[in-house]
1. What does the charge add up to near A:Tyr217, with Lys and Arg as +1, Asp and Glu as -1, over the other residues with Cβ less than 10 Å from its Cβ?
2. Provide the net charge surrounding A:Trp90, with neighbours chosen by a C-beta distance below 13 Å and charges set as Lys +1, Arg +1, Asp -1, Glu -1.
3. Determine which lysines satisfy two conditions relative to A:Lys59: a Cα distance under 17 Å, and not lying fewer than 8 residues away in the same chain.
4. Enumerate the amide H contacts of A:Ser152 below 5 Å, restricted to partners 5 or more residues apart or on another chain; note that Pro and chain-start residues carry no placed amide H.
5. Starting from the Cα of A:Lys828, draw a straight line to each of the lysines and keep only those under 20 Å, dropping any in the same chain fewer than 8 residues away.
6. For A:Leu446, list long-range residues whose amide hydrogen, built 1.01 Å from N in the peptide plane, is under 5 Å from its own amide hydrogen.
7. Tell me, what ³J(HN,Hα) does each residue in segment A:209-218 have, in order and in whole Hz, if you take phi through Karplus 6.51 cos²θ - 1.76 cosθ + 1.60 with θ = phi - 60° and put x for Gly and Pro?
8. Where does chain A land at 222 nm, in deg cm²/dmol rounded to the nearest 500, when only DSSP H runs of n ≥ 4 count, each adding -39500 (n - 2.57), divided by all residues?
Amino acid sequence: MAEDRSADARAADARTADDRTAEHGPRYDAAALQAKWLPRWDVLKSFRTDDPADKRPRKYILDMFSYPSGDLHMGHAEAFALADVLARYWRQQGFNVLHPIGWDSFGLPAENAAIKRGVDPREWTYANIAQQSASMKQYATSVDWDREIATSDPEYYKWNQWLFLKMYEKGLAYRKDSWVNWDPVDQTVLANEQVLPDGTSDRSGAIVVKKKLTQWYFKITDYADRLLDDLNQLEGSWPPKVLAMQRNWIGRSQGADVDFVIEGREARITVFTTRPDTLYGTTFMVVAPDSDLAAELVNGSTDAVRTSFADYLVQVQKTTEIERQDASREKTGVFLDRFAVNPINGERIPIWAADYVLADYGHGAVMAVPAHDQRDLDFARKFGLPVRVVLDTNQPVTGAIPVLPINPETGEAELPDDLAPLDPAHTGVALTGDGRMINSGSLNGLSKSNAIKRITEQLDAAGNGRASKNYRLRDWLISRQRFWGTPIPIFHAEDGELVPVPEEQLPVRLPSTEGLDLQPKGISPLGAADDWVNVTLPDGRAVRRDPDTMDTFVDSSWYFLRFLSPRDDTRAFDPKEADKWAPVDQYIGGVEHAILHLLYARFITKVLFDLGYVNFTEPFSALLNQGMVLSGGSKMSKSRGGVNLGDEITAHGVDAIRLTMVFAGPPEDDINWEDVSPAGSAKFLARAWRLAQDVTSAPEIEWRTGDHALRRITHHFLAEAPGLIEAFKFNVVVARLMELVNATRKVIDSGAGGADAAVREATETVALGLSLFAPYTAEEMWEQLGYPPPVALYGWRKADKTLLVETSITAVFQVDGKVRDKAEVSPKIDQADLEKLALASAGVVRALGDRSIVTVIVRAPRIVNIATKP
RNA sequence: GCCGGUGUGGCGGAAUGGCAGACGCGGAGCACUCAAAAUGCUUUGCUCGAAAGGGCGUGUGGGUUCGAGUCCCACCACCGGCACCA
């Protein structure tokens, strides 16, 4: 083996060995660096952004603020490391960067902990905030601590109440009595967005039940179209997944409302359908059994129907949400012995009640077209209802309108022979594809989309239908029957009148918990705070305060604006500051908020736009979803154990943990902590740090005199890194830094030594680059190199273009696409010379053998490919 | 079922249509050491071969191209979201 090694390598072996025994120099000590720099940075306050005269361009970099439920964990460590890279990067690029921090400090965990320990939620919350902010400072996030906010401060939640009142004025906050999601463990209502797909609460994990209650709602459905359409603006700067999830959640369907006359009922029943083209194929109607409509229709029916319906309703209400959503479940239903009239052909169709129709979507009733809708077909086959095909899916959509065979007896088009085998009545498979209309009067021959257009016009003209849209999105239920939240600023008069709390009386502060039982019991604990809840108005009326608190997602729906003027006690935020800084240029957070928080924040931003407080309609111009940190393949949490951030920091140092987070892979990807090496990161940091120890030249040294090859590597790094950062390829930047460190090490050990100018230049570049990821190490290096702190405020250096020009290039010679030889050539070599060189090279000659050349592709100076045949 | 995403060494991952596997982890060997740790150096896709040098190789199958991890078509697998939403 030893024979293969170069003389240089052996010399290096010997030298490093000697150095180590001889020197006993200082060792890299992460804990010591943290202890040294943290207090100094505290004094410097380098990341304040409050100078109104600052003329630099601005960037607003924000990570989703954290819930102070304990100390920081690995998930925070990843998110904050990533966001901090961007904040520090843009600062280096000459931007005035706003990177604030705050605490989403209202909510159930504080309240539950308070109940458990018998203390005020305030104590628990603010103790946690103190602990987390200390950890965050140690973690060296480059934030402006002067702008720190906590949503549980009255100075903050006052403005939640202000926002509520504004929305109330505009009719966007309203009360209604409705079926709501009820969490039986936390004893509070939940928004739809907080119910997981398996029907459990996202907080407590309890199976959510339905309860009929009067609650406060925000009218987010008024904004459904804008929330959906404006997603197009975010295309390319938000993750496709989040855009898809939001679109899905809003769930807009286009179609038509169709009015059906009901026998024995004055008012018509309107149904929503996305397939008005199939109106001729409607053979029955279905209403949701739990709708008011069903109850009313049953009332007007026979005793027998009333009995069977009552039984059915009991059965339906016993069904859990989870069972109900199972599409493979057998269809159930009862005939109501009532009839509707199809407006297009006057046909009399029976009305059924069945739980596959939902009371709170559309109008709670559907026109059933079994031939072209699978659910209707399943129902029709179960209960022996007729199936009529009105769209021939065998016919091509384009081309001449086919001539349809007419049955002379009925005068109707017959099912074409080739369609008969597909008859849904027999196959049980609905025909949902496109084709040509049949059995549909004036629609015959039209394609699906043309028929939809035509029939909608016809219905509209006749006054019994119109184009219509429906949404999956529901209004946002914001009341919570819990203590630790923003009180809703409304008085209830005895006659039921709602009296908004006058703005000048805000904030409506939470009372002391003294004497209050916070134990969840289904009604808000605030209702029992007699002194607080009972108020006499100036006009002498005795009123009661609304005892509920707001969903904490109200707090987080506008907090990014509060950071802009965090101490302003005259308004929620200063619109002038909003003009300057907002919207957020880069938002960073977990994908778990893809719908909840992001949808609400987008909604409130649009409301504030409509109210004239901001001049933009989307709060977050770009979004990055960091992955999760996993341990043993599953998400880490306090209950499940896993890796503890504090322990990791103690073992490897803050810088090594931060570096590990960014080096692990692309930011969006999950990190399996077992797959990465914080010890390896620490080793690299020590290597980088040692470079600064070894530099012996003074800061004034002339770069140009240094090692040329190393200078080229340095300047390639300077040229390449910014693009990589902006593409979020932090891991690649770290890799390039490692290469730069390795190259510098080599020059020190086996080249010009620590006095070389290029060694200083490279080491300074390492410090500047490293300051994005490992602030302590970078700061220490910077000081060692002879500069005052903070390294974070030194600008990025421009690459010297003359050093980027290649002087020699490795040309690759291929035969039939396989590399057979290489040669060092001038970048200016011309095509003919390169071809000659290739054809003459030993590797090419050997590979060619006696094969004959078909073509030679030359792309000077990089590649020659010779295509051959035997 | 619909929508979004991802498939590259033992592992994390890199690669404007032009040398696949940068950088790191892990492994192997060596140096230093009484020894170990730490550190440094060398090496490391699989495979045939003593070597020189071959063959294979980016989920599968096709296609475009002188040339495909990258572009196109059709699949497969996995992850995530939605789903009796008319």
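The values are calculated or read from the model by the stated rules, or taken from the named source; none is laboratory data. Bear in mind the structure is a predicted one, so any value in this text is a computation, not a measurement. Here the Cβ positions follow ideal geometry from the backbone for every residue, glycine too, while neighbour counts run over all protein chains shown. Just the protein is used for accessible areas: all its heavy atoms, side chains included, with ligands, DNA and RNA removed. Shrake-Rupley method; radii C 1.70, N 1.55, O 1.52, S 1.80 Å.
1. +3
2. Computed value for this residue: +2.
3. Leaving aside lysines fewer than 8 places away in the same chain, those within reach of A:Lys59 are A:Lys576, A:Lys580.
4. Amide H to amide H, under 5 Å and 5 or more residues apart or across chains, A:Ser152 pairs with A:Ser105, A:Phe106.
5. In chain and number order, the partners are A:Lys801, A:Lys836.
6. Correct list: A:Met437.
7. Working through the residues one at a time gives 10, 9, 9, 9, 9, 8, 9, 7, 10, 9 Hz.
8. -11500 deg cm²/dmol, from helical runs alone.
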